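Undergrad: Take a look at this one; I'll ask things after.
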Amino acid sequence: MDDLEMMYQEVILEESRNPYHKLYEIEDPNRSHQFNPTCGDDITVAVTIDDDIVSGVNFAGEGCSISIASTSIMAQLVEGKTTEQVFELADLFTELMNSRGAGLDDDKLDKLGDASVFVGTSKFPARIKCALLGWVALKGALTNQGVSSAQNKHTE
Ligand code: ZN
């Protein structure tokens with residue numbers, strides 16, 4: 001493990017210890033609950049949308065440090081973005097997790113901000129689902145509010 005990966009590992013651990021907007025329970029009827037049986041991660045995400053802007057993301061649940069840290073970093077990253085940008089970020093993060101440790105070009109990593117610390121996780125197939133779980137729940141919570149990505153709209 002090189003210095004950068006060690007630093008990324010630290011960020012993930014630190015984030016999992018002090019997650020952002022993690023609640024005890026989510027009451028929102030549009031919440032999306034996701035479970036990763038291979039690791040036991042159990043995450044529920046709720047999202048508030050104002051005028052097509054994601055104004056707040058809350059989550060609840062239990063999981064490994066990767067799943068909790070990834071959901072926490074995601075919540076901070078997407079707040080203030082349009083729903084379209086959020087779907088784009090979800091696609092970019094999925095691309096990062098499918099990169100087998102190779103990462104993405106700088107432009108894409110810039111957009112992902114702190115979420116790019118999970119580049120090392122993409123080397124471990126068993127952990128990719130941990131990192132993606134919160135994003136899947138976020139997309140589910142958006143879909144439950146009737147929001148879908150433009151990409152899906154075009155193909156319908
Ligand atoms: Zn996990």
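The values are calculated or read from the model by the stated rules, or taken from the named source; none is laboratory data. These numbers were taken from a predicted model, which means no experiment stands behind them. Cβ placement follows ideal geometry from the backbone for every residue including glycine, while neighbour counts extend to all protein chains displayed. Please note that ligands, DNA and RNA were not included when accessible areas were found on the heavy atoms of the full protein model with its side chains. Shrake-Rupley method; radii C 1.70, N 1.55, O 1.52, S 1.80 Å.
Undergrad: Given 10 °C and 1.306 mPa s, how large is the Stokes-Einstein diffusion coefficient of the range 12-89 in µm²/s, with Rh as the Kirkwood radius over Cα pairs? It would help to have the intermediate numbers written out before the result.
TA: Values: Rh = 12.8 Å.
My calculation gives 124 µm²/s for D.
Undergrad: Assuming 0.36 nm per residue, please report the length gained on full extension of the stretch E27 to C39 beyond their Cα-Cα distance.
TA: On the way: separation 12, 0.36 × 12 = 4.32 nm, distance 2.46 nm.
Taking E27 through C39 to full extension adds about 1.9 nm, to one decimal.
Undergrad: Mean residue ellipticity at 222 nm from the helices of the chain, using -39,500 (n - 2.57) per DSSP H segment of n ≥ 4 over the full residue count, to the nearest 500 deg cm²/dmol? Mind showing how you got there, number by number?
TA: Details: 6 runs with 77 residues, N = 156.
When only DSSP H runs of four or more count, the value is -15500 deg cm²/dmol.
Undergrad: To continue, here is another question. Over all pairs of distinct alpha carbons, what does the Kirkwood formula give as the hydrodynamic radius of the chain, in Å?
TA: Numbers: mean 1/r = 0.0645 Å⁻¹.
By the Kirkwood definition, the hydrodynamic radius is 15.5 Å.
Undergrad: About its Cα centre, how strong a charge dipole does the range 13-126 have in debye, to the nearest 20, once Lys and Arg get +1 and Asp and Glu get -1 at the Cβ?
TA: Working: 8 positive and 21 negative charges, 100 e Å.
Value, rounded to 20: 480 debye.
Undergrad: Still on this model: Taking the Cα atoms only, what angle lies between the long axis of helix 83-97 and the longest principal axis of the chain, rounded to 10 degrees?
TA: 30
Undergrad: For the range 114-121, just list the computed ³J(HN,Hα) in residue order, Karplus coefficients 6.51, -1.76 and 1.60, θ = phi - 60°, integers in Hz, with x standing in for Gly and Pro.
TA: Using θ = phi - 60°, the values come out as 4, 5, 5, 5, 8, 4, x, 4 Hz.
Undergrad: Next question, about the same structure. What residue among V78, V11, V47 shows peak mean-square fluctuation when the chain is described by a Gaussian network model with Cα springs under 10 Å?
TA: V11
Undergrad: Using θ = phi - 60° and the Karplus relation 6.51 cos²θ - 1.76 cosθ + 1.60, list the HN-Hα couplings for the range 44-50 in order, rounded to whole Hz, with x at every Gly or Pro.
TA: Once rounded to whole Hz, the list reads 10, 10, 10, 10, 9, 10, 10.
Undergrad: Starting from the Cα coordinates of the range 71-155, work out the convex hull volume and express it per residue in Å³.
TA: On the way: hull volume 8.5 nm³, N = 85.
About 99 Å³ per residue, rounded to a whole number.
Undergrad: Let me ask something else. If I compute solvent accessible area with a 1.4 Å probe over the protein chains, what percent of it on the chain is carbon and sulfur? Walk me through the intermediate numbers first.
TA: Numbers: 4040 of 8250 Å².
Here carbon and sulfur together make up 49 percent of the probe-accessible area.
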